Amino acid sequence: MTLRVFLGAFGDPGHAFPMLALGEALVARGHAVALQTWRRWEEPARAAGMTFAAAPEYQVFPTRERPMKPYEAAVHAARETVPSVTSFAPDVAVSDILTPAPALAAELAAVPVATLVPHLHPWAAPGFPPYALGARLPRTRLGARLWGAFDPLVARGLEQGRREYNDCRARLGLAPLPGLHTGLSRALTLVATLPQLEYPRRWEPWLRVVGPLLWEPPGERIAPPPGTGPVVLVAPSTAQDPEHALLRAALAGLARAPVRVIATYNGRAPDPPVAVPANAVLVPWLSYAKTMPACDLVVTHGGHGTLVRALACGCPVVVCPAGGDMAENAARADWAGVGVRVPRRLLGPRALRLAVDRALRDGSMGARARAIAAWIAGHDGASAAADEIEAWTARTSG
């Protein structure tokens, strides 16, 4: 059965790229797909055969000049999105976890809605550390009980979020939702991460861990400097670290190490310029998919997309979190035994050099990363997500 699927995603690469991967997989199966996201991704969406809809531009956060109610921007955006949904007439919609407007608009148009989580599952189980804190899973029952003391505090925050979201829904004429984590569809939520990075838990039947959805814009393969030493890729965040602290620390710390360094500043030229040692090459952009397979280690802030791409290429990681969910990703890489984490407060040339030395010397990290790469090679996340959407649609239509 050919489907019509409306996709909506936040425009940050960490959210837009997985949705582009899903859209490409659905189009390849003969389905009609529309993607609503930031206009910067219009060209690749259309090139892949999708219908493109520009996401509404609106103020998200309140200011002194214009205070806003919680979710006020989402209410405006949802109303503006309804015409895009109704004109495409989808059978189902899939909305990114950070993008409530497409989900609300689809519901207003009586279209079933699924959620795409393009990172680790954010719902901590009882006894888990609060999500994004960056603490590892406790090893003992006592540790679980200690972390459990935070559960009421987390629950209060989630309850406040539910009240605010239900107020938003009321302004749109939609019924309130009973459960916490209102951004997760109880019909189907796709968690696009590696099961090897997820702590053991009981999974709800509407949750599916499908594997990472890997997509990137065209880029060049960058060769390392000549020599025979291990190749280290320095792959900083595209959105964090405006001072390029990680890039500077890595290049300075590895200048005299017996390694070959490939580094990128991802289009944000360092100011002042960074010194590039003889054993390194620094470029504005590169293709991770083309460059990482020749690398032995990746140094990163720990964005989910970069982390899973490194593991897909069999590379262990050194992670120095900068913000967002990066601390959580670093903790999971440490827990899974595929990387070394460097706390932000300790970031410096010596700390980076020691972390790189440790990761390269510990052969078990490389072995685990290669095992994950083999798993990914046999479990395509975009294909698995498309399977789940097709099966869900068949159930709801039947």
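Just a few scattered comments:
- The C-beta contact set for the range 352-379 (first residue of a type in the set (Gly, Ala, Ser), second residue surrounded by fewer than 16 Cβ atoms within 10 Å (Cβ to Cβ), distance under 8 angstrom, 6+ apart or interchain) comprises 364/337.
- Filter result for the condition that a residue is in a helix (DSSP H, G or I) and over 23 Å from residue 137 (Cβ atoms), over 331, 374: 374
- Condition check for residue 264: buried (at least 21 other Cβ atoms within 10 Å of the Cβ) and either at pLDDT below 95 or of a type outside the set (Lys, Arg) (or both): yes
- Meets criteria (among the small types (Gly, Ala, Ser), in contact with a Leu (Cβ under 8 Å, 6 or more places away or on another chain) and modelled with pLDDT under 95) for residue 227: no
- Annotation note: Cβ proximity below 6 Å between a residue of the range 266-288 that is part of a loop (DSSP other than H, G, I, E, B) and a residue that is surrounded by 12 or more Cβ atoms within 10 Å (Cβ to Cβ) and of a type in the set (Ser, Thr, Tyr) (sequence gap 6+ or interchain) occurs for 266/238; 286/264.
- Counted residues, the range 98-113 - those being assigned to a loop (DSSP other than H, G, I, E, B), over 25 Å from the mean Cα position of the chain (by Cα) and touching a residue at least 60 places away in the same chain (Cβ under 8 Å): 1
- Considering 217, 242, the condition of being under 25 Å from residue 320 (Cα atoms), surrounded by fewer than 15 Cβ atoms within 10 Å (Cβ to Cβ) and free of Cβ contacts under 8 Å to residues at least 40 places away in the same chain is satisfied by 242 alone.
- Residue within the range 78-97 that is part of a loop (DSSP other than H, G, I, E, B), at pLDDT 90 or above and within 24 Å of the chain's Cα centre (by Cα) present: yes
- Residues of the range 315-327 that are touching a residue at least 60 places away in the same chain (Cβ under 8 Å) and either buried (at least 24 other Cβ atoms within 10 Å of the Cβ) or over 28 Å from residue 290 (Cβ atoms) (or both): 315, 320, 321, 326, 327.
- Among the residues of the range 205-231, those that are more than 21 Å from the chain's Cα centre (by Cα) and part of a loop (DSSP other than H, G, I, E, B) comprise 205, 220, 221, 222, 223, 224, 225, 226, 227, 228, 229, 230.
- Residue match in the range 278-287 (condition: at pLDDT 95 or above, among the aromatic types (Phe, Trp, Tyr) and under 22 Å from the mean Cα position of the chain (by Cα)): no
The values are calculated or read from the model by the stated rules, or taken from the named source; none is laboratory data. Every value quoted in this text rests on a predicted model; they were computed, and no experiment measured them. Note that each Cβ is placed from the backbone with ideal geometry, even for glycine, and that neighbours are counted across all protein chains shown.
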